[in-house]
1. Specify the residue with the greatest mean-square fluctuation among 53, 203, 94, computed from a Gaussian network of the chain linking alpha-carbon atoms under 10 Å apart.
2. If packing is taken as the average number of other Cβ atoms within 10 Å across a peptide's residues, how do 124-136, 316-328 rank, most packed first?
3. When 24, 301, 1, 225 are ordered from fewest to most other Cβ atoms inside 10 Å of their Cβ, what list results?
4. Translational diffusion coefficient, Stokes-Einstein: compute it for the range 225-307 using the Kirkwood radius over C-alpha pairs as Rh, at 25 °C and 0.890 mPa s, and state it as an integer in µm² s⁻¹.
5. Taking other Cβ within 10 Å of each residue's Cβ, how do 80, 333 sort, fewest first?
6. Tell me the relative contact order for the range 3-358 as a rounded percent, counting alpha carbon contacts under 8 Å between residues six or more apart.
7. Classify the range 3-358 as rounded, prolate or oblate, taking a ≥ b ≥ c as the square roots of the eigenvalues of its Cα gyration tensor: rounded when a/c is under 1.5, otherwise prolate if a/b is larger than b/c and oblate if not.
8. If you build a Gaussian network model of the chain, linking Cα atoms that sit under 10 Å apart, which residue out of 213, 303, 143 swings the most?
Ligand SMILES: Cc1cc2nc3c(=O)[nH]c(=O)nc-3n(C[C@H](O)[C@H](O)[C@H](O)COP(=O)(O)O)c2cc1C
């Protein structure tokens with residue numbers, strides 16, 4: 001049987017296969033509340049047979065959102081809508097997690113198709129962003145407010161309250177968003193963190209907020225609930241910023257405080273058009289997941305330009321990662337799991353798809 005379709009149990013949660021929907025912002029929320037778009041969007045993947053999924057970056061505070069249209073989990077009233085997304089996956093036997101996020105200095109932005117740029121300060125929709133240091137994401141972006149010690153403690157507390165709401169909503173696992181230049185990554189990276197207190201300077205100090213958030217969430221969620229952390233494994237800036245060796249150190253620290261899986265992404269600390277920005281090729285982040293898995297001895301999820309069944313199978317079968325997160329390929333083909341099962345020699349459509357679809361579909365068999 002293909003490794004991609006082997007069950008995986010982490011703490012008390014079993015993934016029926018290794019294919020996970022990568023977190024993908026939909027910019028379709030109203031005041032942080034899930035809307036019909038979210039239910040339709042997630043139903044496609046649940047019915048397509050994925051083993052797990054992550055709900056998009058969800059703001060732990062209103063100013064922790066990336067855009068005004070991002071999902072939120074700062075209010076108990078957000079729980080009901082999120083619970084409907086959970087139920088959509090549970091009906092199909094898939095594990096469902098949520099990515100808890102604070103956008104930091106990259107918040108107060110427009111959606112990608114509106115430019116993905118800072119909302120002008122005079123616009124009533126804009127808000128004051130926060131960061132480790134008063135360093136703007138880009139020279140045309142507003143300078144963020146540098147968080148003081150008590151404000152940092154408030155952020156940790158907001159992550160914990162958000163995690164508790166995720167438990168109430170019925171999520172199987174939680175992912176901390178520590179990537180893509182958002183608040184936690186902006187503390188870890190020396191590009192955006194020039195603090196001189198216990199949250200800046202040494203690598204240990206820059207990682208401190210991430211480790212504190214992971215520690216506090218671990219203490220607040222059930223023992224059987226897996227905790228994921230999405231990291232930007234490199235800053236993609238030649239001769240500056242975070243390297244893979246830094247990511248290994250971070251992964252070891254996170255493992256010590258109860259993180260179960262490192263979701264291995266990259267980049268986001270600087271605008272992509274920055275001169276010297278390292279560009280990615282197909283599957284280029286898979287090597288990050290492999291090295292962190294080996295050196296930090298922690299489970300990993302590989303992500304980034306994984307589009308082919310054989311490629312996904314190789315990631316799992318060769319021990320590079322324990323799960324594969326897929327984003328854009330699932331937007332293009334929400335039945336990727338079905339396609340992969342056929343390509344990897346599984347003959348029964350109902351192995352992946354619900355009976356109501358599988359009854360009418362047959363994988364092609366070679367003519368005998
Ligand atoms: C529409 C869209 C929204 C995204 N939103 C998020 C997000 O909320 N959180 C996150 O960590 N990454 C986000 N990403 C990045 C994806 O999770 C994924 O890491 C990236 O697209 C690379 O994987 P892929 O090549 O399979 O798409 C988003 C990507 C897309 C295409």
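Just so you know, all these numbers are worked out from the coordinates, no wet-lab data involved. These numbers were taken from a predicted model, which means no experiment stands behind them. Cβ placement follows ideal geometry from the backbone for every residue including glycine, while neighbour counts extend to all protein chains displayed.
1. 203
2. Working: 124-136: 17.0, 316-328: 20.5.
Highest mean packing first, the order is 316-328, 124-136.
3. Working: 24 18, 301 25, 1 9, 225 22.
Lowest to highest Cβ neighbour count: 1, 24, 225, 301.
4. Working: Rh = 13.0 Å.
The estimated diffusion coefficient comes to 189 µm²/s.
5. Working: 80 12, 333 16.
So the residues, fewest neighbours to most, are 80, 333.
6. Values: 803 pairs, mean separation 58.3, N = 356.
Answer for the range 3-358 is 16 percent.
7. Working: a/c = 1.58, a/b = 1.36, b/c = 1.16.
It is prolate, given that a/c is not under 1.5 and a/b is the larger ratio.
8. The residue that fluctuates most here is 143.
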